[in-house]
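Heads up: the structure comes next, in structure tokens.
The values are calculated or read from the model by the stated rules, or taken from the named source; none is laboratory data. Treat the numbers as computed from the prediction; the structure is a model and nothing was measured. Cβ sites come from the backbone with ideal geometry, for glycine too, and all protein chains shown count toward neighbours.
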Amino acid sequence: MPTQGYSLIPIPNPSAPFVHVHAGVEELGRVFQPTLAINATPVAFAAALDDLEPPADTHRRAWREATHADYLAWSEPLPQVPGPVQMSTIMHWLRQNLPADTVMCSGAGNFSIWLHRFYRHPAFGTQLAPISGTMGYGFPAAIAAARLDPGRTALCFAGDGDFLMTGQELATAMQYGLAPKVFVIDNGTYGTIRMHQEREFPGRVFGTDLRNPDFAAYARAFGADGFTIADDRDAIPVMEAAFASRNASVIHVKLDTEAISPGTTISALREKALNRG
């Protein structure tokens, strides 16, 4: 998904130098007139690129370094949110304690901003995430990662509505003796939709409130470990216990509904929308 926006490439002549790589020669030049057309499979093209030395471009190096510094600054400081549970405590602990090869998996929703913005992936091949807002993706992805490489930690970040779509796959994890770790970020609402409701129609909440189960008890019903974080003081002891366990673990994080995203609250969204008129 685009981060800030995008524009379509003009047809047939792109407005910038355009390199088109495609395995089918009939596709090259069919829609766009490329600056450089390369008839190759993605694997062959990537292998050829791997043998090339990058150009000695000091301007681009300076740009990369400045961009990376911006990224690091954007992921600090970890914000405080309304309610007794602070996601900052959880994210800081994960950043400091997870193995470098941990596979981080997520579904779609505002909850995933905490992971994507504040967790710093130390290596390639450590993220599984959906495209185009696919809810329910994270937990099956974590099960697949645990099945493929049981020696690595597979961690899933899921929202409450997100986890309710595929949480029954705990049965699969238990059947195959897998031990993914799952954070269910429960704020009692379909957060992204609620955010849009408050932004466009402040106070007119419809169809987004959730009445959730006890996710820790739900996990235990499958034979997995179930934990609850209802207060910030619980966070570190719970995470230490969950990650010490060799069993699949679900950590039910009870987040205040006001904490709709790291950067704003429901009240702030509503006030801004009302002031906009």
*Out of all the residues in the range 111-125, is one or more in contact with a strand residue (DSSP E or B) (Cβ under 7 Å, 6 or more places away or on another chain) and surrounded by fewer than 19 Cβ atoms within 10 Å (Cβ to Cβ)?*
yes
_Members of the range 187-215 found to be out of contact with any Leu (no Cβ under 6 Å at 6 or more places or on another chain), on the phi > 0 side of the Ramachandran plot and modelled with pLDDT of 95 or more, listed by number_ = Gly207
*Residues (within 27 Å of Phe139 (Cβ to Cβ) and of a type outside the set (Val, Ile, Thr)) located in the range 249-271*: Ser249, His252, Lys254, Leu255, Asp256, Glu258, Ala259, Ser261, Pro262, Gly263
*Report whether or not Thr166 is in contact with a Pro (Cβ under 9 Å, 6 or more places away or on another chain), among the hydroxyl-bearing types (Ser, Thr, Tyr) and in a helix (DSSP H, G or I).*
yes
*asked:* Condition first: within 18 Å of Gly109 (Cα to Cα), assigned to a loop (DSSP other than H, G, I, E, B), touching a residue at least 40 places away in the same chain (Cβ under 8 Å) and not aliphatic (A, V, I, L, M). Can you find one or more residues in the range 193-204 that meet it?
replied: no
*Go through (1) within 25 Å of Glu76 (Cα to Cα); (2) at pLDDT 95 or above; (3) not aliphatic (A, V, I, L, M) and name the single condition Gly263 misses.*
(2)
_the range 140-188, residues that are of a type in the set (S, T, N, Q) and touching a residue at least 12 places away in the same chain (Cβ under 8 Å)_ = Thr153, Thr166, Thr172, Asn187
*Residue check, Tyr137 touching a Leu at 6+ places or on another chain (Cβ under 9 Å), hydroxyl-bearing (Ser, Thr, Tyr) and either in contact (Cβ under 8 Å) with a residue 40 or more places away in the chain or not assigned by TED's automatic domain parsing to the domain that holds His252 (or both)*: no
*Go through the range 169-192 residue by residue and tally those that are among the hydroxyl-bearing types (Ser, Thr, Tyr) and assigned to a helix (DSSP H, G or I).*
2
